[in-house]
1. At 7 Å along Cα-to-Cβ for each site, give me the label-to-label distance between Arg127 and Arg69 in nm.
2. What are the principal axis extents of the Cα atoms in region 4-100, in Å, biggest first?
3. R0 = 41 Å: FRET efficiency of Ala54 with Thr22, Cβ-based, nearest 0.05?
4. What is the log10 of I(q)/I(0) for region 55-142, computed with the Debye formula using one identical point scatterer on each Cα and no solvent, at q = 0.14, 0.19, 0.25 Å⁻¹?
5. Suppose the chain between Ala88 and Arg120 were pulled fully straight at 0.36 nm per residue; how much longer would it get relative to their current alpha carbon spacing?
6. Under a straight-distance cross-link criterion of Cα-Cα below 23 Å, which lysines are reachable from Lys44, leaving out those fewer than 8 residues away in the same chain?
7. For the chain, with the dipole built from +1 on Lys and Arg beta-carbon atoms and -1 on Asp and Glu ones, taken about the Cα centre, which of His5, Pro113, Ser129 lies farthest toward the positive end?
8. As a test of the formula, what do you get for the chain when each DSSP H run with n ≥ 4 contributes -39,500 (n - 2.57) and the sum is divided by the residue count, at 222 nm and rounded to the nearest 500 deg cm²/dmol?
Amino acid sequence: MSDLHVTKRFTIPEAELSWSATRSSGPGGQNVNKVNSKVTLRWKPKTQIGFDDAWRQRFESRFSTRINREGELVLHSDKTRDQIRNLADARSRLVAMLLECRVPPKTRTPTRPTLGSKKRRVEGKRRQSQKKRLRGNPGRDD
C-alpha cells in the first residue's frame, strides 16, 4: 500500500491509514466462507498533519455518522471477491469523500421577488377565487 494522494497539496501517508480484512457477506460463491475479502479502512482525520482546519470541520460534520468515538473514520468495502480490489475501492471512496467537502458551499444571497412575479401571484389568486365563487348556488329571485 502506498500514500493516498488526495490533491496536489494534500497526501495521506501510508502510516496514517490502517486496514483489516474479514470474511465478506458479499459476492464470492463457495469461497465467501473461506476467504477474507471484506476490507475495513480506518483513518483519523483529527491527527492528520496538513489537513486544513476548515476542510476538516466540513468533513467531520458531513460524515459524522461514519466517525466512531475514537475519532476514526471507518469505511467498509465488500463489492468484489478480491481483497486488493476492495482495498482500492475503499481508498478511492475516501478520496471522493474528502474532495466532496473540499470547497465550502456557496452562501445563498437572499433576493426579493420581482414586481411582475408579485402581480402574477395576486392575479392567479384572484382568478381562483372568482372560479370558486361562480361554483356556488345562484341566489333566488322571489
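What follows is calculated from the coordinates using simple rules that are stated; it is not laboratory data. The structure presented is a predicted model; accordingly, all values stated were derived computationally and were not measured. All Cβ positions, even for glycine, are placed from backbone atoms using ideal geometry, and neighbour counts span all protein chains on display.
1. So the label points at Arg127 and Arg69 sit 6.2 nm apart.
2. Largest to smallest, the principal-axis extents are 47, 28, 23 Å.
3. Once rounded, the FRET efficiency stands at 0.70.
4. Scattering profile of region 55-142, log10 relative to I(0): -0.72, -0.99, -1.19.
5. On the way: separation 32, 0.36 × 32 = 11.52 nm, distance 5.53 nm.
Extra length available between Ala88 and Arg120 comes to 6.0 nm.
6. Lys8
7. Toward the positive end, the furthest listed residue is Ser129.
8. For the chain, the value works out to -11000 deg cm²/dmol.
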